[in-house]
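Take this structure first; my questions come after.
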Amino acid sequence: MKITIPRTLTFPARSLLLLGPAFALLAVVGPTATAQAYGPDTCKSGYVWRGANPSDHVCVTPETRQQTANDNAHAASRHDSSGTDTCVNGYVWREAFAGDRVCVLPAVRTQTAQDNAVAGTRIATAPASSPAAPAPGSNQTLQNLATSFCLDSNAKGQVYALKCNGGAYQEWQLRVNSDGTQTFQNLATSFCLGSDSFNAKLIYATNCNGGSYQKWRSLANGDGTQTIQILATGFCLDSNAERQVYALRCNGGSYQKWR
């Protein structure tokens, strides 16, 4: 997967959606937000996965999930019959994810954008038994499961992935904080791995400050890897074949697994 970084995110308030009378919806019982076993993408109580497509794990209210399912069911009838990739009059693309061309009311697209913006704040906190437990104060090399590249940095604080070489720039000292989170400090630079309050996808290393953007949860997976989640945003440490390192919504994929 390839992305361009940095990108900026905004965090508007959530609004309530009401469908207009133009299309009558099927009378179905909406899903309820029930407690589930914790995982990297688990929603907070009261929220469920939106499900715009099988990999859409943005946490929304059960009503919004039902709205999403209804819009998916009516997708074909809302596309212009002329053959162009446009919606019939009164509808717009939903854009829940890149390439989402389901046609919805403008208010639904607004709600979708707002849900995307606050997605990180609706992810559940790991219970005490979930984090992996590497030895405090130990040095770690973090190798990406998908690429086999290692998490690397430099004196400028840039963070990326390179072929594992055993060097100090690929060594990260683990410090366990009083709240159970961990801080990763680069052995060569003494900078701490962190994210950004203005661009939640940006990953870099800078002077250690003890803030929530430099605190991480190491969540043990069943395959011996760990998923590394930022405390402040709930996003997970991710990478790609182009050796970029960034943060995205946790998805359980191999590019978000580290060993």
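None of the figures in this text is laboratory data; all of them are computed from the coordinates on show. On a predicted model such as this, the values are computed, not experimentally measured, just so you know. Every residue, glycine as well, gets a Cβ built from its backbone with ideal geometry; the counts of neighbours run over all protein chains shown.
Mind checking which of Ser178, Gly224, Leu162 is farthest towards the positive end of the stretch 139-256's charge dipole, using Cβ charges of +1 (Lys, Arg) and -1 (Asp, Glu) about the Cα centre?
Farthest towards the positive pole: Ser178.
Calculate the dipole size of the stretch 139-256 relative to its Cα centre from +1 charges on Lys and Arg beta carbons and -1 charges on Asp and Glu beta carbons; express the result in debye to the nearest 20. Walk me through the numbers before you get to the answer.
Details: 8 positive and 7 negative charges, 22 e Å.
I would put it at about 100 debye.
Still on this model: Please work out the Cα convex hull volume for the stretch 48-122 and give it in Å³ per residue.
On the way: hull volume 6.1 nm³, N = 75.
So the per-residue hull volume is 81 Å³.
Among the lysines, which fall within straight-line cross-link reach of Lys44, defined as a Cα-Cα distance under 28 Å, with same-chain neighbours fewer than 8 residues apart omitted?
Correct list for Lys44: Lys201, Lys215, Lys257.
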